[in-house]
Amino acid sequence: EASGRGTKPRRRYLRSLPMPTGVCNVDHQNKAGYTALMLAALAAVEQEDDMNMVRRLFSMGNVNAKASQAGQTALMLAVSHGRQEMVEALLTCGADVNLQDEEGSTALMCACEHGRMETVKLLLAQPTCDISVVDSDGNNAVAIALEAGHSNIAVLLYAHLNVSTRGSTSWAAGSRVVTEARAGHPECHTLAASSAAGHQPGWGDTV
């Protein structure tokens, strides 16, 4: 299993899940520090009936609980392992997109590191998603996307930052966030030019 943000537990394919009851504590952590809800977030579910069972499980447990070993949430795990349907279900059940693990990583940072464009779009669509959050190394999601070689995701983040901060008192602060994230990445001159001109880059821009 490759290492990275949100990938501590080994990936498991859960063929079936016990139907939650009033007696079962779905937030109980195993010896590795993970709950049934967190492990379910890694499942490869193909049948709608099984997915309905997972949604019920998510609704009964604490979707924002953190694993005891690394502080990861079910959302971070689902994002890192490419479980888009689980990400959607967790968000519907109130998963917090801005929670950070012990390294300061968020679900958005996990998606950026692993190059999961569709997941990044989904997370950005959440009204509370904060792109400016930094990890323990001082890197935000833009910087992480660039470091991982996903400049297309960096452009998307930058465009979203422009839209969300333009015309507000945080516009200048938002520009500084992008400028700092861009440091050390000379391939992103277009982002710098766009920032200076107040232009919102699109998919046709060169990076």
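Taken together, the values in this text are just the output of simple stated rules run on the coordinates, not laboratory data. Predicted model only: the values in this text are computed from it and were never measured. Cβ atoms come from the backbone with ideal geometry, glycine included; neighbour counts cover every protein chain shown.
Values computed for the structure shown
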item: Gain on full stretching of the segment that runs from residue 24 to residue 69 - 0.36 nm per residue minus C-alpha separation; result: 13.9 nm
item: Peptides 66-75, 89-98, 51-60, 108-117 ordered by average Cβ neighbours within 10 Å, highest first; result: 108-117, 66-75, 89-98, 51-60
item: Gain in span if fully extended, residue 32 to residue 130, counting 0.36 nm per residue against the direct Cα distance; result: 32.3 nm
item: Förster radius 30 Å - calculated FRET efficiency between residue 102 and residue 51 (Cβ-Cβ, nearest 0.05); result: 0.50
item: Ranked 135, 130, 101, criterion: other C-beta atoms within 10 Å, fewest first; result: 130, 135, 101
